[in-house]
Amino acid sequence: MFGKKQIGEIPTTDAKLLPGKVMEVSLPEVGGPGQKFYMKLNFKFDKVDGKSVSTKFHGLSLMNEHMYRIVRKRMQKTELVTYVDTKDGWKLQLTFIAMLNRNTNASVQTEVRVASEKFLKDFASNNSIDDFVKAVTAGSLQHSIRKMGNKIYPIRFSEVTKIEVKKAA
């Protein structure tokens, strides 16, 4: 997904114990933009091949400090947790937030949440896991949802805060 890059060193006495373990790495360490240091990617160790280990994408999360910076007074936080299936058979659990410009009533929040969920499911079903993760890390998916949601109510900020892999292909 990110090319064959070295993401870290793991001291071990028995390499057979590594498969199944998870390593957390920030996005700039795997070649992403430096200003997105708050995005943490999880990689699960897959196969040991001599002194190198291949990994699979296992999730994404944002630093709490980044989330604290987003939340402001007199803004409405709308959160969505949903499951999506990618084109290549991955099942993911997504947590998404949208910050609305002002405090709103429940019907507006529900409308934004439903529209965002439909957009996320459509986008995931038409793309592979590689394209989906690249869209999230680049911010293009969040920008598209924000643009779509602004037709319902002005959205100040939208972000995919967490991706958990429930089933890999």
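Where a number appears in this text, it was derived from the coordinates with a stated rule and is not lab data. Being a predicted model, the structure only gives us computed values, none of them experimental. Don't worry about glycine lacking a Cβ; one is built from the backbone with ideal geometry, like all the others, and counts go over all protein chains shown.
Pairs exceeding 30 Å between alpha-carbon atoms, taken from Lys77/Lys134; Lys5/Lys36; Lys47/Lys118: Lys47/Lys118. Report the local net charge at Lys87: Lys and Arg +1, Asp and Glu -1, summed over other residues whose C-beta lies under 15 Å from its C-beta. Value of the local net charge: -1.
Couplings 3J(HN,Hα) for the stretch 141-146, derived from phi with the Karplus relation 6.51 cos²θ - 1.76 cosθ + 1.60 (θ = phi - 60°), are 5, 4, 5, 5, 5, 4 Hz, where x marks Gly and Pro.
Under a Cβ-only charge scheme (Lys and Arg +1, Asp and Glu -1), can you give me the dipole magnitude of the stretch 58-135 about the Cα centre, in debye to the nearest 20? Working shown, then result.
Details: 12 positive and 9 negative charges, 107 e Å.
Using Cβ point charges on Lys, Arg, Asp and Glu, the stretch 58-135 gives about 520 debye.
Averaging 1/r over every pair of different alpha carbons in the stretch 1-99 and inverting the result gives a Kirkwood radius of 15.9 Å. Here the dipole of the stretch 1-115 is about 340 debye; that uses its Cα centre as origin and unit charges on the Cβ of Lys and Arg (positive) and Asp and Glu (negative).
Remark: spin-label model distance Asn101-Lys118 equals 2.3 nm, labels positioned 7 Å along the Cα→Cβ axis. Sort all Cα-Cα distances of the stretch 74-169 into consecutive 5 angstrom bins from zero, then give the percent of pairs in each bin up to the one containing the longest distance. P(r) for the stretch 74-169, in whole percents per bin: 3, 14, 26, 25, 15, 9, 5, 2, 0. Taking amide H as placed 1.01 Å from N in the peptide plane, the amide H of Lys21 sits under 5 Å from that of Phe45, each at least 5 places away or on another chain. Put a dot 7 Å past the Cα of Arg69, heading toward its Cβ, do the same for Glu164, and the two dots end up 2.6 nm apart. In this structure, the amide hydrogen of Asn150, modeled 1.01 Å from its nitrogen in the peptide plane, lies closer than 5 angstrom to those of Ile155, counting only residues at least 5 positions away or on a different chain.
Rounded to the nearest Hz, the phi-derived 3J(HN,Hα) couplings of the stretch 74-80 under the Karplus curve 6.51 cos²θ - 1.76 cosθ + 1.60 (θ = phi - 60°) are 6, 10, 9, 8, 10, 10, 9, where x marks glycine and proline. The percentage of C-alpha pairs in the chain whose separation is greater than 19 Å is 59%. In the chain, Cα pairs under 8 Å separated by at least six residues give a relative contact order of 22 percent. Between the stretch 12-82 and the stretch 114-140, the C-alpha centres lie 17 angstrom from each other.
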